[in-house]
Protein chains: 2
Amino acid sequence: MDENLVLKEKREIEAREDSDKTIDPANLEMFEVARKAGVETAFDRLLRQEPKCPYCYTGVSCRNCAMGPCRITARADRGVCGATADVMVARGLLRNTVAGTASHVDHARHVAIALLQAARGEAPYTIRDEPKLRRIASALGIEGADTMPVMELAERVALLALEEIGAAHANGGRWLRMHATQERLETWSRLGVLPEGGMLPVLEGMHRTSMGNDADAVNLILGCIKAGIADGFYGLHLSTDLQDVLFGTPKPVFSRAGMGVLEEEYVNIACHGHVPVLSEKIVEAAEALQEEAKKAGAKGINVVGICCTGNEILERLGIPAVGNELNSELVIATGALDAVVVDYQCIFPALTEAAKCFHTKIITTAPIVKLPDAEHVEFDERRADEVAREIVMRAIENFRRRDPGKVHIPGFSTEVLAGFSVEALLEVLSKLSPSDPLAPLVDSIAKGDVKGAVAIVGCSNPRVPHDLMHVELAKELIRRDILVIATGCAAHAHAKAGLMQPAGYRMAGSRLQGVLKALGEAAGLEALPPVLHFGSCVDNSRINQLLKALAEKLGVAIKDLPVAASAPEYNTEKALSIGTWAVALGVTTHVNPLPRVAGSQLVTELLTDKAEELLGAKFIHSSDPKESADMLEEVILEKRRRLGLPV
Amino acid sequence: MDENLVLKEKREIEAREDSDKTIDPANLEMFEVARKAGVETAFDRLLRQEPKCPYCYTGVSCRNCAMGPCRITARADRGVCGATADVMVARGLLRNTVAGTASHVDHARHVAIALLQAARGEAPYTIRDEPKLRRIASALGIEGADTMPVMELAERVALLALEEIGAAHANGGRWLRMHATQERLETWSRLGVLPEGGMLPVLEGMHRTSMGNDADAVNLILGCIKAGIADGFYGLHLSTDLQDVLFGTPKPVFSRAGMGVLEEEYVNIACHGHVPVLSEKIVEAAEALQEEAKKAGAKGINVVGICCTGNEILERLGIPAVGNELNSELVIATGALDAVVVDYQCIFPALTEAAKCFHTKIITTAPIVKLPDAEHVEFDERRADEVAREIVMRAIENFRRRDPGKVHIPGFSTEVLAGFSVEALLEVLSKLSPSDPLAPLVDSIAKGDVKGAVAIVGCSNPRVPHDLMHVELAKELIRRDILVIATGCAAHAHAKAGLMQPAGYRMAGSRLQGVLKALGEAAGLEALPPVLHFGSCVDNSRINQLLKALAEKLGVAIKDLPVAASAPEYNTEKALSIGTWAVALGVTTHVNPLPRVAGSQLVTELLTDKAEELLGAKFIHSSDPKESADMLEEVILEKRRRLGLPV
């Protein structure tokens, strides 16, 4: 328990002016508008939470039984059951991690159900990427994957997905084996952290953290790693695979990012959440109902995306991205949104409070995500078209109630090139080297034109100046000839900052510039952007797909590649489970703010030091973009040295 | 947030003398011994936790994302995401509930795996109750249940169990349907709380409580109910069913309870935890190794049970019960325990600290339960005999290191009649009414000789004077002619207090006395005990089995029966999920101490009032045994009035 950490953060946060809180000019402009309209935001609520509880802040509190709540204090070195600070911190971290895993596995499960229903003709979805379905089926070892009728094959794959998610005892783990390298499978097996399926590590994690079970912090942290691995393969990969099958594998697509994508004279519908199963249908319905919008006096319907469902429809359909999580309340204050349609995850409960100041409808759709004061239109894949139409019609209807006097749309928006699936990237690379597409990338890395790569991912968080870490860290890295790949709310930040447009390549170091220019020209562009939009948070799977391909190409382990990751404004439990997966893969991962581990030196050392021995990677932390870049660059240089590459 | 609640509890706890802390004379005697030996207990650690954090105490804190930790204060009516007090309380309760469900479902999963391995000849277990296996298989709708070779049938049942535990989408829910009444299935379906399987409600519960998901407290509480139902059928019932198949359905058996069951001249091994898959084998190995113990200078081996694994081997094998959870540290201070073998759940991490003051070995066996400073002998069902033998040999070896000067065994132990499965109870009843065994019980209830029944269940908790609520509440109830059924640590308390011996019937009211005497005599006993030992916590399933039989016999719903439940010294998250199941079944349930809901009037009202409209039952709370008995009696009288029975 370190009260100083808490008081230091309080001082920092209270000292911030508006201009210190965000680097997004639209958000900055909207602060004033929101205040006038009486909209409270996460930035305001954070101030009222200061100072934070020092026990919960450092992880040394526990409420996992009714003998407590307990905390570690100067008087008490153990909880009532005997749990030490180490145990409390490790238990807390494991519960947070399994919640992240649960979120992604449940997401994957929904997509698998949609695929199953589509295959059975019960839900109105088609198979948009049949070759990918066949590749996946083949990699899963399904016989006849090349010749089976497509819907029959889709059913087989969906059923296998659901079976692996639900595995209650050791099974084939085919999804895991399809996407993991042999070296990692052996490492994880040795550590006893191979997950049996998607749900079981969640069950086991909740069991072992309940009172009177695991009290060995090291063992508990191994539970985190197991949950992280389950997230990666049964959550992220499974979601991406089946979403690509259903909705198509992304290809490079131009669009725009920033609040300026709202259109004053159109019905504006924002899709917010994570799963494209709903948002794809909203886009379809909006297209079909343009005339209805015109009847209501609008010029048409403008669908925009927030957060990860925004990334999903951006990367596949080119739908403009209005902002990330910390834009989600302020974009309502534009008064120009006729509906915000949400599925699940990262939906601030406060959205309905913001909406009360305007005509905006918040429409919830998931049975497990309801908000008091929102309208609920329950989504059911089988009635997807009907539900989407109903939602769009409500938005159109609501357009009539918009108060033009309250509309204030900031003018900022930026060009963004999204849609970098691995398949798409390989297609670009194959322009330079048709027979061996990875060769140009590998050569560039070997020579040092590309010093390495860092994935910048994760959320936004008002404790960190909004978008600042994402953007400044990326700028620092590309300047040092380190390629950046981004997903999630990080990608929104980079997009808004112009780092995802071809012209952005000029911000890179000269050697990286050359590579981006050569690759871009081969693809018919001015250049590749220096920060590649890899999609949503579940699309972090695509990063592993690329790393596995590179590692296998080079005949080394992923842990030996000159790569690293960063979640520099992380917020959700999902970010923790993804970050844990990254470290488990062998990718050293920077996180900020500091997770709730400061109360245990043992756990802190495990994660930031000993993990390296076990997994070849560890967590690192810094809240300064320059220092973070230094640390990440050093990780990359060390890997280059070990590989005998020039540094 | 109510600081007064916290300060009131602090004053109460600090004012307690030793004699106020427990009514178990052995514990009281051991306090002094423990202090001299330097053993710290949960009673001591509780004092050092006072005063408790008022935010966590009332549920208005949240650490489910890294924007926090947050709490509701005079300055802040919402967390950073916008979560209100209602949302924080409901989220916290759901996480606690799913942790309980996860524990029981994981327990059931282990038993199913043991059955599967036994059926396949991979693990050294036999089918001890083949008729029950066939009855279960038949009720599950397995064709050929009457004629299939037993091991083939066992494999089918085990695979079905694992499939239902892991169901990732809507399935048959056969385990649920086997044990639930039609009326409840319809009620739960209407409320949308029918669980699809055992793990999914845990996954869903963790998902929906993560930041940016469910923010509707009512919806979250429905999630608790769903998790509670999953616990009841895929946790408790599934465990009991398969344990009975593997180890035999309990029959009435005499044994003894209390610390006096330790034997100074024997190797004493305590089995602590929950799952009989290990402890059954320890008992077998101890029997086989008696001669080895004699070689080590002992008179033999004395296996005793703690907590629920203690109940499991008591009800099936007559193994003496040395105590419940709050005896577990003090029994180590007797200096007479050569080994404490633990599986999982309710194992205080502090046990190893107590053991350091003596020669006692703490031996952990589960991969998910390790304790620093314990010896770990990993249990694997396939090597069950070998592992059990290894553990018993370590205990024998350790006997040589026992310091006789440190041995202090309190003299208290009491006769206990355990083993009341429903099958056993029906056998007793059939002595009076062979063709219609339930008739005598139903008649007694109808006439009012048995006014009703209360299940007293759950843990011990140092916040509540140890055993006092269990025992005083039971005495109050039986005095009022209300039959008491007990499981778990409650049953240990009743056993130690003499309420589970035939002679205890004299403590009942005169009308209940008559019934106990008549039934007992028919069974060849002086009388039935006034508190019937129904087994371990997972054996709470047996209570539903009885209620379902009674409800179907009477043609009413369970919610209309003159019954209630109480967990008057609850501690674990499992107790919360079981209690929620009980309310979901239609059984009004008393809990003490107060769960962490005081920070939300909405949630408090839902649980203690509105639940009645939805489910025909609710939670009630009191910390006074007399007042609790009044409340429970009133529930029963009200049901009797509605049924038109004399009150």
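The values are calculated or read from the model by the stated rules, or taken from the named source; none is laboratory data. Quantities reported herein were computed from a predicted structural model and do not represent experimental measurements. Here Cβ is always computed from backbone atoms with ideal geometry, including for glycine, and neighbour counts include all displayed protein chains. Calculation scope for accessible area: heavy atoms of the full protein, side chains included, ligands and nucleic acids excluded. Shrake-Rupley method; radii C 1.70, N 1.55, O 1.52, S 1.80 Å.
For the segment A:105-112, counting C-beta atoms of other chains within 10 Å of every residue's C-beta and taking the mean gives 3.
Listed by chain and number, the lysines whose C-alpha is less than 17 Å from the C-alpha of A:Lys610, apart from same-chain residues fewer than 8 away, are A:Lys226, A:Lys559, A:Lys618. Magnitude of the charge dipole for segment B:3-71, about its Cα centre and with charges confined to Cβ atoms of Lys, Arg (+1) and Asp, Glu (-1), is about 480 debye.
Based on the reciprocal of the average 1/r between different C-alpha atoms, the Kirkwood radius for segment A:3-71 equals 14.3 Å. Which of rounded, prolate, oblate describes chain A, given a ≥ b ≥ c as roots of the alpha-carbon gyration tensor eigenvalues and a/c under 1.5 marking rounded, otherwise prolate only if a/b is larger than b/c? Note, shape of chain A comes out rounded.
Counting only protein heavy atoms and a 1.4 Å probe, the protein assembly as shown has 30 square angstrom of accessible area per residue.
The percentage of C-alpha pairs in the protein assembly as shown whose separation is greater than 58 Å is 17%.
Dipole size of chain A about its Cα centre, with +1 on Lys/Arg Cβ and -1 on Asp/Glu Cβ: approximately 660 debye, rounded to the nearest 20.
Annotation: lysines with alpha-carbon distance below 26 angstrom to A:Lys52 (same-chain offsets under eight excluded): A:Lys8, A:Lys10, A:Lys21, A:Lys574, B:Lys8, B:Lys10, B:Lys52. Take the Cα of A:Arg48, step 7 Å toward its Cβ, do the same at B:Arg75, and the gap between the two points is 1.1 nm. Per-atom-type breakdown for segment A:85-247 gives carbon and sulfur 48% of the accessible area (1.4 Å probe, protein chains only). Taking the three principal axes of the alpha carbon atoms in segment A:420-643, the coordinate ranges are 52, 37, 28 Å, sorted in descending order.
Checking the cross-link pairs B:Lys475/B:Lys517; A:Lys251/A:Lys447; B:Lys475/B:Lys496 against a 23 Å limit on the alpha carbon distance flags A:Lys251/A:Lys447 as lying beyond it.
Note on the protein assembly as shown: dipole from Cβ charges, positive end direction compared against A:Ala455, B:Thr240, A:Gly411; the farthest Cα belongs to A:Gly411.
Of the solvent-accessible surface of segment B:259-406, computed with a 1.4 Å probe over protein heavy atoms with every protein chain present, carbon and sulfur atoms account for 45 percent. For segment B:34-154, just say rounded, prolate or oblate: build the C-alpha gyration tensor, square-root its eigenvalues into a ≥ b ≥ c, call rounded for a/c under 1.5, and beyond that prolate if a/b exceeds b/c, oblate if not. Because a/c hits 1.5 or more and a/b fails to exceed b/c, segment B:34-154 counts as oblate. Only helices enter the 222 nm calculation for the protein assembly as shown: every DSSP H run of n ≥ 4 contributes -39,500 (n - 2.57), and dividing by all residues gives -15000 deg cm²/dmol, rounded to 500.
Peptides B:223-235, B:294-306 ordered by packing proxy, namely the average of other Cβ atoms within 10 Å per residue, highest first: B:223-235, B:294-306. For the segment A:192-199, counting C-beta atoms of other chains within 10 Å of every residue's C-beta and taking the mean gives 3. Which shape class, rounded, prolate or oblate, goes with segment B:105-181 when its Cα gyration tensor gives a ≥ b ≥ c as root eigenvalues, a/c under 1.5 marks rounded, and past that a/b bigger than b/c marks prolate? Oblate. For segment A:259-406, dividing the convex hull volume of the Cα atoms by the residue count gives 89 Å³ per residue. Once C-alpha pairs closer than 8 Å and six or more residues apart are averaged by separation and normalised to the residue number of chain A, the relative contact order reads 16 percent. In straight-distance terms, cross-link reach from A:Lys294 covers every one of the aspartates and glutamates whose alpha-carbon lies under 16 Å from its own, apart from those fewer than eight places away in the same chain; here that gives A:Glu263, A:Glu264, A:Glu265, A:Asp338, A:Glu397.
Summed over both chains, the area buried between B and A is near 8000 Å², taken from the accessible surface of protein heavy atoms with a 1.4 Å probe.
Computed over the Cα atoms of segment B:171-327, pair by distinct pair, the Kirkwood hydrodynamic radius stands at 18.5 angstrom. For the pair B:Glu378 and A:Arg177, label points projected 7 Å from Cα toward Cβ lie 2.1 nm apart. Each Lys and Arg Cβ is given +1 and each Asp and Glu Cβ -1; about its Cα centre, the protein assembly as shown then shows a dipole of about 840 debye. Computed from the C-beta positions of A:Lys553 and B:Gln290 and an R0 of 60 Å, the FRET efficiency is 0.40 to the nearest 0.05.
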